[in-house]
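Only the coordinates and a few stated rules stand behind these numbers; no lab work does. Keep in mind the model is a prediction, meaning the values are calculated, not measured. Using ideal geometry, Cβ is built from the backbone for each residue, glycine included, and neighbour counts are taken over all protein chains shown.
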Amino acid sequence: MAELPAGPGQPSSPALRASDADRDRVTELLRTAVADGRLDLAEFEERLEAALSARTVGALAPLVTDLVAGPGSAGALALPLPAAPAAELLTIKEKHGSVRRDGRWRLPHRLALRTAWSDVLLDLTSAVRGAPELVIELRVSGGSVELVLAPGMVLESDELSVRHGTLAIGRAPDDDAPEVLRVRLTGRMRHGRLAVRRQPPRP
């Protein structure tokens, strides 16, 4: 049965209030869009300000209408916004083998890498981020670790100890991309090689 419109004496349905999690999800979509080149910096800053001050889900939806795939109605935009929270810890173990994580894989808050004489590729360029920071804790003996970063990802490696190995981290490119993820390397590497490669910004 069709819902009757509210009459003069009837209150209209209240708008659904936005939670902090709702605002965080929209903010993450905006950060991903500017990193992918779908938003320029001015659009990103304008939409981000609107997202942080939004009080209702209805106010958030138009900010990502052209950034999410789904039915064209504004009400349907509530569907892609919810996302499963990032796992607190992901542990990767391997001996004398290879590990590859790329494409749209979900980043945890902390990633523990426990490998021996293995080749590891961690490509973060298309990964789904659930937190503003990713801590990668290494316990690596031998082999190699390659880390691929997207524009706007900031790397910190001061807490990483490397002995009898090679650490190849190029200078961060001079781009105007806003920070979308802070990656902290901690732990130790022995008799191995760690290389960090950065995806060039889109022209």
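Remarks
- Protection proxy ranking, peptides 92-101, 45-54, average beta carbon neighbours within 10 Å, highest first: 45-54, 92-101
- Under 5 Å, built H, 5+ apart or other chain: amide partners of Ser141: Thr115, Ala116, Trp117, Arg190
- All other residues whose Cβ lies under 14 angstrom from that of Trp105 are scored, Lys and Arg at +1 and Asp and Glu at -1, for a net of +3.
- Efficiency of FRET between Glu146 and Arg38 - r from beta-carbon atoms, R0 22 angstrom, step 0.05: 0.25
- Charge tally in the Cβ shell below 9 Å around Ala54, where Lys, Arg are +1 and Asp, Glu are -1, Ala54 excluded: +1
- Prolate/oblate/rounded label for the stretch 84-176 (Cα gyration tensor, a/c 1.5): oblate
- Residues whose amide H falls under 5 Å from that of Arg182, counting only those 5 or more places apart or on a different chain, are Glu133, Leu134, Val154, with hydrogens built in the peptide plane.
- In the stretch 127-187, GluC sites (Glu not before Pro) in a DSSP loop with at most 12 other beta-carbon atoms within 10 Å: Glu179
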